[in-house]
1. Which is touching a helix residue (DSSP H, G or I) at 6+ places or on another chain (Cβ under 8 Å) and either assigned to a helix (DSSP H, G or I) or touching a residue at least 24 places away in the same chain (Cβ under 8 Å) (or both), of 7, 101, 20?
2. Out of the range 39-48, which residues are out of contact with any helix residue (DSSP H, G or I) (no Cβ under 6 Å at 6 or more places or on another chain) and either within 17 Å of residue 91 (Cβ to Cβ) or of a type outside the set (Gly, Ala, Ser) (or both)?
3. Among what's in the range 71-105 and is at pLDDT below 90 and either of a type in the set (Gly, Ala, Ser) or surrounded by 10 or more Cβ atoms within 10 Å (Cβ to Cβ) (or both), pick the residue that is nearest to residue 25 (Cα to Cα).
4. Restricting attention to the range 1-28, and to residues there that are more than 13 Å from the chain's Cα centre (by Cα) and either of a type in the set (A, V, I, L, M, F, W, C) or surrounded by 13 or more Cβ atoms within 10 Å (Cβ to Cβ) (or both), which single residue is farthest from residue 69 (Cα to Cα)?
5. Looking only at the range 37-59, decide whether some residue is of a type in the set (Phe, Trp, Tyr), within 11 Å of residue 15 (Cβ to Cβ) and surrounded by 11 or more Cβ atoms within 10 Å (Cβ to Cβ).
6. Based on what the data block shows, is residue 82 part of a helix (DSSP H, G or I), without any contact (Cβ under 8 Å) to a residue 60 or more places away in the chain and touching a Gly at 6+ places or on another chain (Cβ under 7 Å)?
7. Going by the conditions given, is residue 68 outside any helix (DSSP H, G or I), surrounded by 14 or more Cβ atoms within 10 Å (Cβ to Cβ), more than 11 Å from the chain's Cα centre (by Cα) and of a type in the set (S, T, N, Q)?
8. Considering only residues that are assigned to a strand (DSSP E or B) and either modelled with pLDDT under 95 or hydrophobic (A, V, I, L, M, F, W, C) (or both), look in the range 42-64 and name the one that is farthest from the chain's Cα centre (by Cα).
Amino acid sequence: MHIDKDLVAASATPLVLAILGEGDSYGYAILKRIRELSGGHLSWTDGMLYPLLHRLERQGLVTASWDTVEGRKRKHYALTAAGGDALAERRQQWQVVAEALDRVWRDVVPPATAGGMA
């Protein structure tokens with residue numbers, strides 16, 4: 001299934017903040033976790049993830065530090081207190097949107113029409 005790029009972009013920040021809410025992580029592990037959480041439907045590239053991480057770092061929502069694990073240098077990212085607050089706010093926003101969409105799918109869009117929409 002193809003996921004529209006606007007949906008991917010809109011979900012990128014809350015996904016990364018939530019993953020970092022689980023604990024510190026590094027780029028490849030974040031990409032892997034996104035694939036796992038989406039059941040393989042979201043497969044991001046480095047070119048999508050790292051600019052987002054750098055933006056979140058500039059905004060003070062994450063911090064980054066270099067670490068060496070098993071002889072490999074990796075940049076680890078961690079959620080800041082402001083990042084935790086932003087995650088809580090984004091979660092509330094998504095819950096409102098998800099509930100509205102659920103109502104639309106259930107009450108507004110006829111089932112025969114919903115399957116044929118592009």
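The values are calculated or read from the model by the stated rules, or taken from the named source; none is laboratory data. Bear in mind that the values here come from a model prediction, so they are computed numbers and not experimental data. Glycine gets a Cβ as well: all are built from the backbone with ideal geometry, and neighbour counts include every protein chain shown.
1. Details: 7 fails: touching a helix residue (DSSP H, G or I) at 6+ places or on another chain (Cβ under 8 Å); 101 fails: touching a helix residue (DSSP H, G or I) at 6+ places or on another chain (Cβ under 8 Å).
None of the other options fit; the residue is 20.
2. Taking the range 39-48 first, the residues out of contact with any helix residue (DSSP H, G or I) (no Cβ under 6 Å at 6 or more places or on another chain) are 39-41, 45-48.
Once the filter is applied, which keeps residues that are out of contact with any helix residue (DSSP H, G or I) (no Cβ under 6 Å at 6 or more places or on another chain) and either within 17 Å of residue 91 (Cβ to Cβ) or of a type outside the set (Gly, Ala, Ser) (or both), the range 39-48 yields 41, 45, 46, 48.
3. So the first thing to find is which residues in the range 71-105 are at pLDDT below 90, and the list is 71-72, 105.
Filter once more, keeping what is either of a type in the set (Gly, Ala, Ser) or surrounded by 10 or more Cβ atoms within 10 Å (Cβ to Cβ) (or both): 71, 105.
Numbers: 71: 17, 105: 36 Å.
So the residue we want is 71.
4. Checking each candidate, the answer is 1.
5. Going through the range 37-59, the residues of a type in the set (Phe, Trp, Tyr) turn out to be 44, 50.
Those left that are additionally within 11 Å of residue 15 (Cβ to Cβ): 44.
After this cut, where a residue has to be surrounded by 11 or more Cβ atoms within 10 Å (Cβ to Cβ) as well, the list is 44.
Yes - at least one qualifying residue is present in the range 37-59.
6. Values: part of a helix (DSSP H, G or I): yes; without any contact (Cβ under 8 Å) to a residue 60 or more places away in the chain: yes; touching a Gly at 6+ places or on another chain (Cβ under 7 Å): yes.
Yes: the conditions hold for residue 82.
7. In short, no.
8. Let us first name the residues in the range 42-64 that are assigned to a strand (DSSP E or B), namely 62-64.
Next, only the ones that are either modelled with pLDDT under 95 or hydrophobic (A, V, I, L, M, F, W, C) (or both) stay: 62, 64.
Numbers: 62: 14, 64: 17 Å.
Top of the filtered list is 64.
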